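Participant: Quick one: the structure is below, questions incoming.
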Amino acid sequence: MSYTQEPIYFSGSIQPHGILLLLSHPELRVLQVSANTSDYLGKEPQTLLGQSLHTLLNTQLVEAIQQDLQEGDSVTSLKLTICTSAGDRSFNGTVHSTEEGIILELEPTIALTQESFFNIHAWVKRAIAKLKQLSNSREFLELAVQNIRQLTDFDRVIVYQFDQQGTGVAIAEAKQDDLSPYLGLHYPATDIPKPVRELYKRGLLQFVPNVTAPSVELVPGFNPVTQQPLDLSLVALRSVNPGCVTYYQNIGVAAILVISLVHKQKLWGLITCHHQTPKFISSQVREACELLGQFIASELVNADELVCIKQELERSNQELDFFAYAASHDLKEPLRGIHNYSNLLLKGYKELLDDIGKARLQTLVRLTHRMESLIDALLKFSRLGQAELHLVSTDLNQLVNQMLEDLLVSHQDEQPKIYIPRPLPTVSCDPILISEVFTNLLSNALKYNDKAEPWIEIGYLDKQGNQARFFPDSQSPITCYLRDNGIGIRERHQQIIFRLFKRLHEQNLYGGGTGVGLTIAKKIIERHGGRIWVESTLGTGSTFYFTLMQAIA
């Protein structure tokens with residue numbers, strides 16, 4: 001929509017469904033007034049100029065307003081009764097404290113029964129409770145616009161999201177069936193220019209029950225103190241910009257409600273409601289919409305922040321993977337040189353060295369072997385973060401049988417009993433990487449076992465209550481397990497065993513190792529969107545669990 005270059009907050013007029021008074025501070029005398037006071041108060045505007053607010057309101061209300069102003073409240077809402085020529089009349093009022101004076105907006109109250117008021121309150125509580133249950137942003141926004149449309153009964157409700165440049169896109173919509181969709185449409189920053197966005201950033205809810213209703217001028221036209229047009233930036237009754245009126249007429253809209261989505265001084269977007277005919281909604285419904293808007297904005301901004309944090313973590317992890325790969329690759333060359341020169345010294349100068357010298361060189365060779373193993377493990381770990389997953393439907397029976405055949409050939413001195421209680425499921429995974437998981441877990445089960453008759457059980461769990469209820473069969477995670485009767489793991493160590501290079505035993509016990517196998521298994525499972533954990537009793541054995549997604553049939 002295109003706005004004229006005229007500042008929108010110096011229009012000098014308001015909409016006709018309420019009245020406005022500018023009061024001096026601290027005297028609270030009328031300096032300016034809207035020209036429609038006779039319609040609501042039965043008093044011509046000229047008769048009110050220069051009068052004290054006491055002529056309209058009782059002393060108790062005036063003192064309450066003065067108290068709020070003294071306490072520094074810039075905006076105060078109140079409900080009040082004014083004696084008019086037609087009798088007492090109720091109004092909803094808003095008081096703004098500005099440098100130019102005190103602005104008082106008054107709008108006649110639409111009488112609601114106590115039951116209707118509590119129905120609106122209860123409805124908002126239910127709506128927020130339902131929205132809190134949703135973690136998917138698309139579903140959250142779809143329900144949000146449906147709720148706003150149900151509350152306002154407008155023909156169309158849209159959520160616009162702004163980017164850093166101020167351009168907008170319609171990302172959610174609820175509408176009357178016969179209307180053309182706006183969902184997915186993009187709007188340039190000039191449609192809602194920066195001055196308008198700055199107004200919405202201050203949390204202004206804009207309500208226009210009839211875009212073609214004639215504006216009501218202020219009397220006098222200029223603030224008599226400043227001799228300038230009155231700044232109506234925060235005035236809800238502010239008249240509609242002529243360019244905006246033309247735009248809405250062109251798209252067949254007669255009434256609008258705009259709710260700012262602001263959180264922590266950030267304008268995330270807008271909820272815009274359109275109606276094809278003039279439509280008035282009560283201040284209670286507008287307040288409910290504003291409350292919903294505040295909740296929706298908070299949730300959306302928090303969700304965006306979490307996405308940014310996740311992206312930053314992913315970027316940092318990728319950089320760490322590249323660093324680990326480069327560092328470990330570059331370390332191998334000097335290490336190989338140390339290893340080779342140590343061997344040359346042992347062979348070429350063996351007769352010149354005493355026993356202590358030989359032992360020290362042999363230790364150096366052994367340490368270079370150890371260092372090379374650690375570097376190879378680090379290279380392997382870093383490559384996992386860069387490798388692309390190739391997910392295919394994989395029969396775990398075939399995968400495990402092949403892996404067992406290969407592994408037991410290389411462990412002929414260790415022939416444990418292998419139990420597979422029932423056929424294993426078919427899952428969606430990268431079979432090469434998942435073979436690595438099974439290999440690492442089985443190798444550990446063989447290595448860390450001191451029983452006379454070692455055994456290993458491989459299986460999977462049936463879906464439990466919540467899992468069965470919330471996951472369709474095609475999306476259900478499978479929990480696989482590998483159980484042994486080995487040495488077990490103390491409870492305090494059951495988390496740290498997944499850390500890189502973390503071993504619980506001396507290097508010369510249980511066949512050594514780099515302490516990277518479980519770290520690699522954890523990274524592989526997490527790259528598949530699953531998790532891995534252990535349950536163990538020292539001296540009895542361990543069970544390692546991990547989840548994979550069931551293959552779609």
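Participant: When the chain is fully extended, how far beyond the present Cα-Cα distance does S137 get from L78, taking 0.36 nm per residue of separation?
Facilitator: 17.6 nm
Participant: Please list, in order along the range 339-347, the HN-Hα scalar couplings obtained from phi with the Karplus expression 6.51 cos²θ - 1.76 cosθ + 1.60 (θ = phi - 60°), rounded to whole Hz, x for Gly and Pro.
Facilitator: Rounded to whole hertz, the list is 4, 5, 5, 5, 5, 4, 4, 5, 7.
Participant: Still on this structure: What distance in nm lies between label points placed 7 Å from Cα along the C-beta direction at V225 and D163?
Facilitator: Here the answer is 4.5 nm between the modelled labels.
Participant: How large is the dipole of the range 13-108 about the Cα centre if only Lys and Arg carry +1 and Asp and Glu carry -1, each at its Cβ, rounded to the nearest 20 debye?
Facilitator: 300 debye
Participant: Report the label-to-label distance for T543 and Q398 in nanometres (one decimal), using points 7 Å from each Cα along the Cα→Cβ vector.
Facilitator: So the label points at T543 and Q398 sit 2.9 nm apart.
Participant: Over the range 114-302, calculate the relative contact order: mean separation of alpha carbon pairs under 8 Å at least 6 apart, over the residue count, as a percent.
Facilitator: 24 percent
Participant: For a protection proxy built on the mean count of beta-carbon atoms within 10 angstrom, sort 350-356, 395-401 highest first, please.
Facilitator: Ranking the peptides 350-356, 395-401 by packing returns 395-401, 350-356.
Participant: Just to confirm a number: summing +1 for Lys and Arg and -1 for Asp and Glu over residues other than N223 whose beta-carbon lies under 12 angstrom from that of N223, what do you get?
Facilitator: -3
Participant: Explain nothing, just the number: dipole magnitude of the range 114-302 about its Cα centre with +1 on each Lys and Arg Cβ and -1 on each Asp and Glu Cβ, in debye rounded to the nearest 20.
Facilitator: Dipole size: approximately 440 debye.
Participant: Using the per-residue mean of other Cβ atoms lying within 10 Å as a proxy for protection, in what order, highest first, do the peptides 49-61, 141-153 fall?
Facilitator: 141-153, 49-61
Participant: Can you list residues from other chains, or at least 5 along the same chain, whose modelled amide H is less than 5 Å from the amide H of H275?
Facilitator: D155, A254, A255
Participant: Continuing with this model, one more query. Between the range 235-300 and the range 10-77, what is the separation of their alpha carbon centroids in Å?
Facilitator: For the range 235-300 versus the range 10-77, the Cα centre distance is 25 Å.
Participant: Which whole-number percent is the relative contact order of the range 13-108 (Cα, under 8 Å, 6+ apart)?
Facilitator: Result for the range 13-108 is 30 percent.
Participant: Show which lysines lie in cross-link reach of K522 when reach means a straight Cα distance below 16 angstrom and same-chain residues fewer than eight apart are skipped.
Facilitator: Reachable lysines: K380, K502.
Each value in this text was obtained by applying a stated rule to the coordinates, not by laboratory testing. This is a predicted model, so every value here is computed, not measured. Ideal geometry is used to build each Cβ from the backbone, glycine not excepted, and the neighbour counts take in all protein chains shown.
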